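Colleague: Pasting in a structure now, in structure tokens, and then I'll have a few things to ask.
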Amino acid sequence: MTDLFEKHRPIAERFERMMEMGVNAVGVVNDRILSPTRAIIQGRETILAGTNNYMGVTFEKACIDAGKKALEEFGTGTTGSRIANGSYAMHRELEQSLAAFLNRKHCIVFTTGYQANLGMIAGLAGPRDTVFLDADSHSSIYDGCTLSGAKLVRFRHNDASDLDRRLSRSEDEGGGRLVVLEGIYSMLGDRAPLKDFVELRKKHQFQLLVDEAHSFGVLGPNGRGLADEAGLEDEADFVVGTFSKSIGSIGGFGAGDHPLFETLRYAMRPYMFTASSSPATIATSIAAVKTLAREPERRDRLRRNSERLFNGFRTLGLETGCEEVSPVIAVKCKDEPSTIAMWNRLLQGGVYVNIALPPGTPNRLCLLRCSVSAAHSDAEIDQVIAAFGKVVAKA
Ligand code: PMP
């Protein structure tokens, strides 16, 4: 009999090598969370610079109060899916407030952002359809495509002419065509060149979904994401987002204006066959959407903080994931052992960042990935830069 774990032996060996070099870089334990930007890790007060807590709302009084109230009034969980057990009024309220924030007719919330991509992509596309994915797409996008049974066509990252060629080749195949892009790519922090992709609509027919997971709340005059920043919201048929980043809770959403949008509720397995979010989660998410709408200055603060970190890294001579500034700032490193060593030294220096290694990275890059928060102080950003400076000097 073949042991089913045999295929995982290389993972175990890689993990052992990582552990020999220090802390488990992909399983860090936060003993206490002190604020959106600080935690106790390994007994040491640490600056959190890898949490995707873009708007810094996780300790917002209004959000915590709303969560506590919902917990007391509606209990700990919903104990079932919205199809089987029905929705709570607050699920609807969250959908309505998000639809208003996004200026969309319809919005459906999911229990996680991962499920939002699974549900939306597999709900929209079926076995007769083709889904065109950017090569650097998040795993949830790839998994959504697999679940859909649609034909998957990958195009080169951020390359509209490559997509153009692939759309031309698939012209006669029949079925619908869905192109999926991301507002800000999660590993390198670069934006999709939305205008170039939208131009293709003059030549080809397709529907467009933009995953604004890292750009919702962050980009655009209204904080609605990349399409808002680019002035191209009318061109994005569907928007996906998550609550685990700028909303500071957990969950996700899909939104759009299609007259049949609501039918997706009865066509999306990741919506139908899983329990809906807990009352506390939904209530904190509603409060966070209100906070984002009420306090646009958080976006300005985030932009300033991102520029400060980006410029600091550039002054140190570090190579960043892309040339444009976004709250995702990745530092390219030489190889896996030196990346793990640097990550450990950063943690010892009181700075937590994400480590990102192949195969989870584009072009097999080894990255130390930072995500900036509106809640970081100038001093905290400077401490992160200084910690990188020390680590680089030793590398
Ligand atoms: N889309 C993208 C681009 C992401 O980076 C992520 C998570 N990092 C998700 C979707 C899934 O979101 P969640 O973690 O909230 O499930």
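Colleague: For the range 227-250, enumerate the residues that are surrounded by fewer than 18 Cβ atoms within 10 Å (Cβ to Cβ) and near the ligand (Cβ under 9 Å from one of its atoms).
Modeller: Ile250
Colleague: Of everything in the range 249-265 that's of a type outside the set (Gly, Ala, Ser) and in a loop (DSSP other than H, G, I, E, B), which residue is farthest from Ser140 (Cα to Cα)?
Modeller: In this case the residue turns out to be Pro259.
Colleague: Here's a check for you: in the range 365-395, which residue that is closer than 13 Å to Thr339 by Cα and free of Cβ contacts under 8 Å to residues at least 60 places away in the same chain is most open to solvent (accessible area, probe 1.4 Å)?
Modeller: For the range 365-395, the residue satisfying everything is Lys394.
Colleague: Considering Ala150, Ala160, Ala192, Ala125, which residue is within 29 Å of Cys322 (Cα to Cα), touching a strand residue (DSSP E or B) at 6+ places or on another chain (Cβ under 9 Å) and hydrophobic (A, V, I, L, M, F, W, C)?
Modeller: Ala192
Colleague: Can you tell me which residue in the range 336-374 is farthest from Phe59 (Cα to Cα), limited to those that are of a type in the set (Gly, Ala, Ser) and within 18 Å of the chain's Cα centre (by Cα)?
Modeller: Gly360
Colleague: List the pairs whose first member sits in the range 199-220 and is part of a strand (DSSP E or B), whose second member is of a type in the set (Asp, Glu) and within 16 Å of the ligand (Cβ to nearest atom), and whose Cβ atoms are under 7 Å apart, counting only residues at least 6 apart or on separate chains?
Modeller: Hits for this filter: Asp211/Glu182.
Colleague: Further, regarding this structure: List, please: which pairs have Cβ atoms under 6 Å, are six or more places apart or on different chains, and start with a residue in the range 326-342 that is in contact (Cβ under 8 Å) with a residue 12 or more places away in the chain and end with one that is of a type in the set (Lys, Arg) and open to solvent by less than 20 Å² (accessible area, probe 1.4 Å)?
Modeller: Ala330/Arg369
Colleague: For the range 20-105, which fully contained helices (runs of 4 or more DSSP H) count at least 2 residues that are small (Gly, Ala, Ser)?
Modeller: 61-74, 89-102
The values are calculated or read from the model by the stated rules, or taken from the named source; none is laboratory data. These numbers come from a predicted model, not from an experiment. Backbone-built Cβ (ideal geometry, glycine too); neighbour counts: all protein chains shown. Keep in mind that these areas ignore ligands, DNA and RNA; they rest on the heavy atoms of the full protein, side chains included. Shrake-Rupley method; radii C 1.70, N 1.55, O 1.52, S 1.80 Å.
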